[in-house]
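Since the structure comes first, as structure tokens, the remarks are kept for the end.
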Amino acid sequence: MTRTAVIAGVGPGLGESLARKFAAEGCRVALFARSADYLEDLAADLPDPGEGLAVPTDLTAVEQIRDGFETVREAFGPVDVLVNHASAASWTGLMDTSVEEFEESWAVNGRGAFACSQEAVDDMLETGGGTVVFTGATSSVRSLGGAIGFTAAKFAARGMAMDIAQEFGPDGVHVAHVVIDGQIDSPGVRERSPDRDGDTFLDPDEMAETYWHLVERDDVGTQPFEVHVTNGPRNSEFI
């Protein structure tokens with residue numbers, strides 16, 4: 001089965017690994033993010049037998065999201081898989097966070113994921129089902145303190161995922177929330193932490209395997225809602 005997948009929020013690291021994994025499994029992959037040049041290069045470089053489509057999109061802008069999904073439908077047809085992977089945060093606490101910074105976190109993690117989910121689930125209801133995966137974080141289930149905008153937005157996204165799962169599970173729409181408990185390896189992360197032990201990072205290619213496993217399971221009745229991804233005893237959230 002050839003699936004059409006939208007990855008909302010693509011950059012070096014897990015977003016790119018998801019795009020490559022899904023393409024390698026034969027998906028038509030639409031890439032949503034602001035960075036047009038990066039998306040075009042990645043779309044052209046995805047492995048066979050997949051096909052890539054760059055859709056430059058500001059995920060805080062609802063109309064751009066809706067237009068982006070129309071672009072995907074025109075190129076690939078209805079959407080079968082959505083990964084809500086975009087994230088924004090100011091790593092500050094209550095007294096140091098402006099209202100604008102707080103709302104930016106919500107606009108990406110909350111409103112953007114809401115608009116993407118509306119578009120994708122509408123397609124899935126027409127075609128008999130599909131999969132929506134939300135990328136979460138430790139802060140979506142347990143506050144670590146000092147990152148109020150990120151925590152509030154991630155809590156909201158987890159609740160939204162749960163609500164969609166309960167509402168549309170009977171219609172064949174599987175919704176999963178992935179709790180990432182650690183720091184994902186990427187060139188930028190390595191630059192910022194050159195002396196950090198590489199074993200404390202999460203491997204994005206291995207994580208992409210977990211996401212694909214959530215997509216390929218057929219029986220909605222036995223699929224998990226929540227999966228926790230950690231680097232085992234070297235959990236880097238608490239170093």
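The values are calculated or read from the model by the stated rules, or taken from the named source; none is laboratory data. Because the structure is a prediction, the values reported are computed rather than measured. Please note: Cβ atoms are built from the backbone with ideal geometry, for glycine as well, and neighbour counts cover all protein chains shown. Note: accessible area is taken over every heavy atom of the protein model, side chains too, but ligands, DNA and RNA are not part of it. Shrake-Rupley method; radii C 1.70, N 1.55, O 1.52, S 1.80 Å.
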Exercise. Which condition breaks for residue 44 when tested against (1) open to solvent by 20 Å² or more (accessible area, probe 1.4 Å); (2) aliphatic (A, V, I, L, M); (3) out of contact with any strand residue (DSSP E or B) (no Cβ under 8 Å at 6 or more places or on another chain)?
Worked result: (3)
Exercise. Restricting the first residue to region 177-191 and requiring it to be of a type in the set (Ser, Thr, Tyr), which pairs with a second residue that is assigned to a strand (DSSP E or B) meet a Cβ separation below 7 Å and a spacing of at least six or different chains?
Worked result: none
Exercise. Is there a residue being modelled with pLDDT under 80, open to solvent by 50 Å² or more (accessible area, probe 1.4 Å) and under 30 Å from residue 94 (Cα atoms) anywhere in region 196-207?
Worked result: yes
Problem set entry | Residue ranges of strands (runs of 3 or more DSSP E) in region 63-181 with at least 3 members of a type outside the set (A, V, I, L, M, F, W, C) and either open to solvent by less than 60 Å² (accessible area, probe 1.4 Å) or over 22 Å from residue 211 (Cβ atoms) (or both) | 130-135, 173-181
Exercise. Of a type in the set (Gly, Ala, Ser) and touching a residue at least 24 places away in the same chain (Cβ under 8 Å): does that describe residue 36?
Worked result: no
For this session: Confirm whether residue 117 is modelled with pLDDT under 95 and within 27 Å of residue 166 (Cβ to Cβ).
Result: no
Problem set entry | Selection within region 2-20 - surrounded by fewer than 24 Cβ atoms within 10 Å (Cβ to Cβ) and at negative phi | 2, 3, 11, 12, 16, 17, 20
Exercise. Which one of these does residue 59 not meet: (1) open to solvent by less than 30 Å² (accessible area, probe 1.4 Å); (2) in contact with an Asp or Glu (Cβ under 6 Å, 6 or more places away or on another chain); (3) in a loop (DSSP other than H, G, I, E, B)?
Worked result: (2)
Exercise. Would you call residue 188 in a helix (DSSP H, G or I), modelled with pLDDT under 75 and surrounded by fewer than 19 Cβ atoms within 10 Å (Cβ to Cβ)?
Worked result: yes
